[in-house]
Amino acid sequence: MEFDIVIVGGGPAGLSFAAALAGSGLRLAVVERLGATELADPPFDGREIALTHRSVELLQGLGAWERIPEAHVSPMMEARVLNGGSPYALRFDAGARRGGPLGHLVANHLIRRAVHDVVTGLPEVTLMAGCTVAGVETSAAGATVRLADGRVLTARLAVAADTRFSEMRRRQGIAAEMRDFGRVMMVCRVAHEQPHGQVATEWFDYGQTIAMLPVNRDEVHGDQSSFVLTLPAHEMDRVMAMDAEEFGAEATRRFRARLGQMRLVSTRHAYPLVSVYACRFTATRFALMGDAAVGMHPVTAHGFNFGLRGADALARRVRAAAVAGRDIGTAEVLRGYDREHRLATRPTYLATNATALLYADERLPARVLRDAALRVGNLVPPFRQIITAHLMERGRRAA
Ligand SMILES: Cc1cc2nc3c(=O)[nH]c(=O)nc-3n(C[C@H](O)[C@H](O)[C@H](O)COP(=O)(O)OP(=O)(O)OC[C@H]3O[C@@H](n4cnc5c(N)ncnc54)[C@H](O)[C@@H]3O)c2cc1C
């Protein structure tokens with residue numbers, strides 16, 4: 001049970017990090033609480049991940065992109081942001097659609113499955129499914145990972161990708177900023193009468209926020225979207241308790257029938273909205289990855305995009321150290337990762353929280369500011385172009 005790196009958590013971030021080290025010659029273990037069957041073929045969890053161009057490139061580099069069936073990759077050509085009862089929309093597109101899609105939507109479970117398939121084909125990775133990590137201890141000499149079943153793994157570096165509520169982060173004494181938005185986000189798929197035209201809508205209404213994300217049409221359901229509803233928890237309980245028919249009518253009413261009648265065509269999944277930012281991403285022979293490092297509010301759709309960037313940033317440094325015959329778990333290697341990932345994520349994390357708070361505020365001054373922000377966005381083209389480029393992450397490569 002001796003490895004070079006032990007990764008706690010076989011979610012999309014932990015598995016992507018393992019895949020990014022393919023061919024490095026390092027011995028890796030990924031320890032995941034979920035059983036092997038669920039890990040290999042995860043069920044639909046409601047999340048449609050909006051992937052930037054950079055993330056698509058990273059997934060291509062991992063060999064995961066080609067494992068996602070093309071029919072399940074939905075292009076997003078335009079995004080519109082609406083505020084309250086106003087029909088005025090802030091619009092983002094990639095140059096009147098000439099520049100191709102803004103990004104691509106892929107269901108989270110399909111991403112998980114694709115990255116899992118890559119990892120199971122790698123001779124250097126031992127995938128330990130159905131195992132829970134009970135604790136990680138590290139020292140200058142190495143890392144010791146204790147499993148709940150009593151087994152012990154040793155490594156030169158431990159990486160925790162164990163969700164935004166990371167237990168390993170806490171055990172390492174790493175503090176984290178957390179913001180509970182007091183809201184729940186429900187995600188599911190709905191079929192609707194009118195086509196969406198590959199337009200994503202984010203509507204910050206008063207009393208509710210709705211995002212409609214355009215998913216590819218299929219023969220069974222016809223035109224369909226991912227319906228993303230954000231409400232205070234007690235109101236969400238009522239919506240979650242509705243049967244399919246009631247829910248379809250409720251969704252249609254809440255979205256003002258903009259796409260005609262809507263019909264529930266999937267399971268519904270509710271996520272409490274809590275954002276998390278670790279005060280440090282590393283400790284002695286220890287690094288945080290994915291949501292355990294940066295757990296984003298989903299409104300700007302950056303969580304997994306950042307998870308992939310972090311996996312790439314740490315893997316590049318670890319690989320370089322291994323190639324040079326140096327120790328892969330030194331403070332120097334980890335410091336470089338911490339710095340790069342903080343620079344890449346911190347401004348967006350803060351801006352996302354500020355946006356989510358502003359557009360949840362319904363007092364009069366906030367209403368005025370909400371409307372003004374949208375209009376400024378439309379009237380100042382460079383501002384819109386910067387946001388669009390940021391959303392797409394097109395052609396941006398790390399140093
Ligand atoms: C509604 C919603 C919409 C989203 N939309 C987008 C989007 O459009 N774009 C985007 O980029 N991101 C989006 N995200 C964020 C994205 O889903 C997350 O960033 C991503 O799933 C995080 O992956 P992860 O591997 O870090 O963590 P997780 O997916 O939480 O996986 C962590 C894994 O660790 C395992 N684990 C935990 N503790 C232990 C332990 N002690 N021992 C063993 N295993 C353990 C868990 O079982 C789990 O499998 C969205 C999130 C939500 C909730």
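The values are calculated or read from the model by the stated rules, or taken from the named source; none is laboratory data. Note that the structure is predicted; figures quoted are calculated from it, not measured. Using ideal geometry, Cβ is built from the backbone for each residue, glycine included, and neighbour counts are taken over all protein chains shown. All accessible areas refer to the heavy atoms of the entire protein, side chains included, with ligands and DNA or RNA removed. Shrake-Rupley method; radii C 1.70, N 1.55, O 1.52, S 1.80 Å.
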Problem - Angle between the chain longest axis and helix 303-323 axis [Cα atoms, degrees, rounded to 10] - result: 20 degrees
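Tell me, what is the FRET efficiency for Val376 and Glu219 to the nearest 0.05, using R0 = 51 angstrom and their Cβ-Cβ distance as r? Intermediate results must be reported in sequence, preceding the final value.
Details: r = 43 Å, r/R0 = 0.85.
With a Förster radius of 51 Å, E is 0.75.
For region 180-328, how big is the tail of P(r) above 25 Å, as a whole percent of Cα pairs?
Every Cα pair in region 180-328 considered, those over 25 Å come to 44 percent.
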Handout entry: Where Val323, Val81, Val119 fall by accessible area, highest first, once all protein chains stay in place (1.4 Å)
Key = Val323, Val81, Val119
Problem - Spin-label zone in region 146-185 - amide nitrogen under 18 Å from a point set 7 Å from the Cα of Val274 along the C-beta vector - result: 161-185
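Let me know the charge dipole size of region 1-103 about its Cα centre in debye, to the nearest 20, where only the beta-carbon of Lys, Arg (+1) and Asp, Glu (-1) is charged.
On the way: 9 positive and 12 negative charges, 97 e Å.
Once rounded to the nearest 20, the dipole reads 460 debye.
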Handout entry: Additional length obtainable on full extension of the chain from Glu362 to Gln208, 0.36 nm per residue less Cα span
Key = 54.4 nm
Practice task
Work out, in µm²/s and without decimals, the Stokes-Einstein translational diffusion coefficient of region 297-366 at 37 °C, 0.692 mPa s, Rh from Kirkwood over C-alpha pairs.
Solution key: 233 µm²/s
Handout entry: Estimated vicinal HN-Hα couplings, Hz - region 228-233 in sequence order (Karplus 6.51, -1.76, 1.60; Gly, Pro = x)
Key = 10, 10, 10, 9, x, 4
Fill in the blank from the handout: Share of accessible surface on carbon and sulfur in the chain, whole %, 1.4 Å probe and ligands ignored, is 55 percent
Handout entry: Charge context of Thr330, other residues only, Cβ under 12 angstrom, K/R +1, D/E -1
Key = +3
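Rank by packing, highest mean first: peptides 49-62, 235-248, 298-311, with packing defined as the count of other Cβ atoms within 10 Å averaged across residues. All intermediate terms of the calculation are to be shown ahead of the outcome.
Values: 49-62: 21.5, 235-248: 14.0, 298-311: 24.7.
Ranking, from highest mean packing down: 298-311, 49-62, 235-248.
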Practice task
Note the angle between two axes, namely the Cα long axis of helix 108-120 and the longest principal axis of the Cα atoms of the chain, as a number of degrees from 0 to 90, rounded to the nearest 10.
Solution key: 20 degrees
Fill in the blank from the handout: Under the Karplus relation with 6.51, -1.76 and 1.60 and θ = phi - 60°, whole-Hz ³J(HN,Hα) for region 250-264, x at Gly and Pro, equal 5, 5, 4, 5, 5, 8, 6, 6, 4, 10, x, 5, 10, 9, 6
Handout entry: ³J(HN,Hα), Karplus 6.51/-1.76/1.60, whole Hz, each residue of region 168-176, x for Gly, Pro
Key = 5, 4, 5, 5, 7, x, 8, 6, 9
Practice task
Calculate the all-directions average of the projected area of region 109-244's alpha-carbon convex hull, and give it in nm².
Solution key: 13.4 nm²
Practice task
Could you state the accessible area per residue of region 95-145 in Å², with a 1.4 Å probe and every protein chain left in place?
Solution key: 37 Å²
Handout entry: Where the Cα pairs of region 246-340 fall when distances are cut into 5 Å bins, in %
Key = 3, 12, 16, 14, 12, 9, 8, 6, 6, 6, 5, 3, 1
Practice task
May I ask for the Rg/Rh ratio of the chain, computed from Cα atoms with Rh as the Kirkwood radius, given to two decimals?
Solution key: 0.98
Practice task
Using only the Cα atoms of region 46-145, each taken as one equal point scatterer with no solvent, compute I(q) by the Debye sum, divide by I(0), and report log10 of the ratio at q = 0.17 Å⁻¹.
Solution key: -0.91
Practice task
Please report the base-10 log of the normalised intensity I(q)/I(0) for region 229-301, using a Debye sum with one equal scatterer per alpha carbon and no solvent, at each q in 0.15, 0.20, 0.26 (1/Å).
Solution key: -0.67, -0.91, -1.20
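By accessible area of protein heavy atoms, probe 1.4 Å, what ranking do Trp203, Trp65 get, highest first? If you can, show how the numbers build up before the last one.
On the way: Trp203 5, Trp65 45 Å².
Largest to smallest exposure gives the sequence Trp65, Trp203.
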Fill in the blank from the handout: Here, region 166-226 modelled as identical Cα point scatterers in vacuum has Debye log10 I(q)/I(0) at q = 0.18, 0.20, 0.21, 0.22 Å⁻¹ of -0.74, -0.81, -0.86, -0.90
Exercise for the section: Might you work out the accessible area of Asp93 for me, using a 1.4 Å probe with all protein chains in place, and round it to the nearest 10 Å²? Expected result: 50 Å²
Practice task
Pull up all non-local amide H partners of Phe286: gap of 5 or more, or a different chain, and H-to-H distance under 5 Å with H placed in the peptide plane.
Solution key: Ala158
